[in-house]
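Below is one structure, written out as C-alpha cells; the observations come after it.
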Amino acid sequence: MRQSREDRERIIKILVGSFARNRSVRSICGDDARKRRKLMEYAFNYCNAFGKVYLSEDRQACALVLFPEKKSTTLRTLIWDVSLATRVVGLSKLFNIIKKEAAINKHHPICPIYYLWFLGVDPAVQGSGRGSALMEQLLEDANAMARPVYLETSNPGNLAFYKSMGINVYRELSVGYKIYLLNNCSIIE
C-alpha cells in the first residue's frame, strides 16, 4: 500500500499533532515538533516498507502497522536508523531508548503479529468516532491475515478505547513512566 506524497504529508501531520503530549514520544523528542515530525517520518518509512499505512477516506485518521518479522537491514534502513539516532534521539538518550524497546519486544510473541505502532486522529476531530472506525478496519485486516494485534500505550486514557475494541492490557512495564502492553488474543506471551 504505497502512499502518495500528499497522503504521506497528511499522515505525518496527523501523527505529529496526535502525539504532541504522548509520554513515550516526548521521552524521545521532548517538546520539539521538528523532532516529532522526524520520528513520524521514520515510523512511516518503516511501515510503508515492512507493514501497512492507513489513511481514512475522510483523511482525518491514520495508522501505521508493522510486521516485525518482515523487517530487514539494508543501506536504506541503516540510514533511517542513524538519522533517527543522531537527529532525533541524541546519543545521550540512545541507550535508554534501546533498553526500553528491548524490554517491550521481550514480551512480544515469536509468531507473526499485527503490530499497531501508531493510530492517530486529527486533534480537531478526536472523539468523533473516526479512530473507532479505523480501528475496526485494522481488526478486520488483522483477522483476515490471522495475526493477533499488539500495541503499546503510555496513555492510560487510551485503555478504555482499546478495551472497547477487544484489545486488553496483558502487561505493564515501568520505564520511568508506565507503558501498557496490549493485545487481542487469549495467548498472552
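The values are calculated or read from the model by the stated rules, or taken from the named source; none is laboratory data. Quick caveat, the model's predicted, so the values are computed rather than measured. Heads up, the Cβs are rebuilt from the backbone with ideal geometry, glycines too, and the neighbour counts pull from every protein chain shown.
Residues of the stretch 134-189 that are under 17 Å from Val121 (Cβ atoms) and charged (D, E, K, R): Glu136 alone.
Does the stretch 84-91 include one or more residues that are more than 29 Å from Ile110 (Cβ to Cβ) and among the β-branched types (Val, Ile, Thr)? Within the stretch 84-91 (the criterion being more than 29 Å from Ile110 (Cβ to Cβ) and among the β-branched types (Val, Ile, Thr)), the answer is yes, since at least one residue qualifies. Residues in the stretch 1-17 that are at pLDDT below 95 and within 21 Å of Gly157 (Cβ to Cβ): there are none. The residue pairs whose first member lies in the stretch 116-136 and is farther than 16 Å from Arg10 by Cα and without any contact (Cβ under 8 Å) to a residue 60 or more places away in the chain, whose second member is of a type in the set (Gly, Ala, Ser) and crowded, with 20+ Cβ neighbours inside 10 Å, and whose beta carbons are closer than 7 Å, counting only pairs six or more residues apart or on different chains, are Leu116/Ala63. Only one of the listed residues (Ser92, Ser27, Ser83, Ser4) is among the polar types (S, T, N, Q) and either in contact (Cβ under 8 Å) with a residue 60 or more places away in the chain or touching a His at 6+ places or on another chain (Cβ under 6 Å) (or both). That residue is Ser27.
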